[in-house]
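The values are calculated or read from the model by the stated rules, or taken from the named source; none is laboratory data. Being a predicted model, the structure only gives us computed values, none of them experimental. Please note: Cβ atoms are built from the backbone with ideal geometry, for glycine as well, and neighbour counts cover all protein chains shown. Calculation scope for accessible area: heavy atoms of the full protein, side chains included, ligands and nucleic acids excluded. Shrake-Rupley method; radii C 1.70, N 1.55, O 1.52, S 1.80 Å.
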Amino acid sequence: MDWLANFIHGFFQFSALLLILALGVGLIWLAYLYWVDVHQTKHAIRRNYPVIGRFRYFFEHLGEFFRQYFFALDREELPFNRAQRSWVYRAAKDIDSTVAFGSTRPLNQAGEILFLNGLFPILKEEALPPSAITFGEGFAQSPYTTHSFYNISGMSFGALSVPAVQALSQGAKEAGIWMNTGEGGLSPYHLQGGCDIVFQIGTAKYGVRTPDGLLDDEKLKAVADHPQVKMIEVKLSQGAKPGKGGILPGEKVTPLIASTRGIPVGMSSISPNGHPDIRSIDELLTFIHRVREVSGKPTGFKVVIGESQWLDELCQAIHQRGLEYAPDFITIDSADGGTGAAPQSLIDYVGLPLKRSLPLVIDKLNEYGLRQRIKVIGSGKMINPSDVAWALCVGADVAVSARGFMFALGCIQALQCNKNTCPTGITTHDPELQKGLNPANKTVRVKSFARNLMYEVGVIANSCGVSEPRQLTRRHAQVTNSDGIPRPLNEVYPDTVPHQSSMKVVSKQPEMVE
């Protein structure tokens, strides 16, 4: 047994030497950090409290996660609180979304929406599926008809990872909804799932650009020739950064993304603040008409409402030039929209929220007699059924969401979208992080989330006494004022009487092209 005693004795001696060595290296490292902190001049805390001051940054980083999981109440957090996210998670997993004992939502805060249940709600056998809506009827060579009123908003390939795009595309197909490509171009992964696609043309015109950044008609036609591409959306601005172009950090620009966008590998992708070739209302209408003629698909534009005088100019110009120059739809993005990267000054302070901008646009189109011609899509923080039902009450034809579907994919609101470090693999191109996102599993969650949300909007509609969601109107909801008293929505936003000079909406049948 002497060999065992010698082995144990030697093992402890070796371990002691390793411990002394580790302590020595640790002390040397602390001494080095102390010397660096004392001699650096950028950080006052580290200079006055060497080494210890470094923990401030560590705890500041951890604070984001501790607040989310331990300290914030269910309805406290921003941009989305725990109650909102939890509903999405349950809907995506297709598990019970009922709650017990009573609502935790305060009903007396200004801006809260309440729906007015009817005395005689719709019976289950009386309920109808969502009615169809057609974009570009009588004006586009290939009008687009859909029953869906909740779809996937623009998220570009590049901002999203490959498995995220795959799951969204396949889930959209199974749910019967459309998917917007975002401004990053049309990738093979958008087409892979077989869903309906809205192709977005951003200010940099990725995927359809000439070498000098203008629109290339041949490339546009090639994109539009895909049967899955149903509509074209020209992005003028987006909610999180009005007046600022898209930002894709260089570490996210992989060879595949670079080839899809037509830009150099590894170079940050910074889109212009606006379209260089759209600098007036007339140029906007001309551009929309050109895109529709080249593509044959319904064409509209996406915008954040700020200064709104241009809405009158737009409507007047349409009447002067003819309905064939009108957009087939307008997507209204809320100032509290999301993004992968934007200056905080724009995210926090620029643009109007959807609760103000959506009724403003609806009323303006009604005022000029253009509401029948131009469909309206609402976008911005609509991830729960009540949000979508409100938009339909105000007058939107369709609601779209980006972050709602990110939560369906498994987003935990880690706020890492502007980096390449998303822990759920949704907004990163790091293969090690992407492997946690299984497209087959997330496809089912995307489908379940969309279907369950639309089902519950139908539940709200039936409770209000209408057979299907698109029958909701402003008389079916009230909004709480600053005194905590609900007021009818149709009093807050009265219906607008059209101008006497407004022209009658008559379809212009497109010419047949051989």
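Brief remarks follow.
- Residues of segment 134-190 classified as free of Cβ contacts under 8 Å to residues at least 40 places away in the same chain, open to solvent by 10 Å² or more (accessible area, probe 1.4 Å) and hydroxyl-bearing (Ser, Thr, Tyr), total: 3
Residues are listed down the side, and each one gets a yes or a no for (1) aromatic (Phe, Trp, Tyr); (2) out of contact with any helix residue (DSSP H, G or I) (no Cβ under 7 Å at 6 or more places or on another chain); (3) at pLDDT below 95:
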| site | (1), (2), (3) |
| --- | --- |
| Glu283 | no, yes, no |
| Lys297 | no, no, no |
| Glu307 | no, yes, yes |
| Gly322 | no, yes, no |
| Ile330 | no, no, no |
| Ala342 | no, yes, yes |
| Tyr349 | yes, yes, yes |
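- Single residue of segment 232-247 satisfying the filter (aliphatic (A, V, I, L, M) and farther than 10 Å from Gly274 by Cβ) that is surrounded by the fewest Cβ atoms within 10 Å (Cβ to Cβ): Ile247
- Hits in segment 248-278 (condition: open to solvent by 50 Å² or more (accessible area, probe 1.4 Å) and touching a strand residue (DSSP E or B) at 6+ places or on another chain (Cβ under 7 Å)): Gly262, Ser268, Ile270
- Inside segment 423-436, residues that are part of a loop (DSSP other than H, G, I, E, B), farther than 23 Å from Gly337 by Cβ and either open to solvent by 70 Å² or more (accessible area, probe 1.4 Å) or of a type in the set (A, V, I, L, M, F, W, C) (or both) make up a count of 1.
- Applying the criterion of being open to solvent by 50 Å² or more (accessible area, probe 1.4 Å) and either touching a Pro at 6+ places or on another chain (Cβ under 6 Å) or not in a strand (DSSP E or B) (or both) to the residues of segment 475-491, the residue that is nearest to Leu392 (Cα to Cα) is Arg475.
- If you go through segment 293-310 and keep only what is in contact (Cβ under 8 Å) with a residue 24 or more places away in the chain and not in a loop (DSSP other than H, G, I, E, B), you end up with Val294, Ser295, Thr299, Gly300, Phe301, Lys302, Val303, Val304, Trp310.
- Filtered residues of segment 194-215 (kept if without any contact (Cβ under 8 Å) to a residue 60 or more places away in the chain, out of contact with any strand residue (DSSP E or B) (no Cβ under 6 Å at 6 or more places or on another chain) and surrounded by fewer than 24 Cβ atoms within 10 Å (Cβ to Cβ)): Gly194, Arg209, Thr210, Pro211, Asp212
- Residue selected from segment 437-451 under the condition surrounded by 21 or more Cβ atoms within 10 Å (Cβ to Cβ) and not basic (Lys, Arg), by the criterion nearest to Lys252 (Cα to Cα): Leu437
- Test for Arg67: is it open to solvent by 100 Å² or more (accessible area, probe 1.4 Å), in a helix (DSSP H, G or I), among the basic types (Lys, Arg) and modelled with pLDDT under 75: yes
- Taking every residue in segment 312-328 that is touching a residue at least 40 places away in the same chain (Cβ under 8 Å) and pairing it with any residue that is in a helix (DSSP H, G or I) and small (Gly, Ala, Ser), at least 6 positions away or on another chain, the pairs with Cβ-Cβ distances below 8 Å are Tyr325/Ala317.
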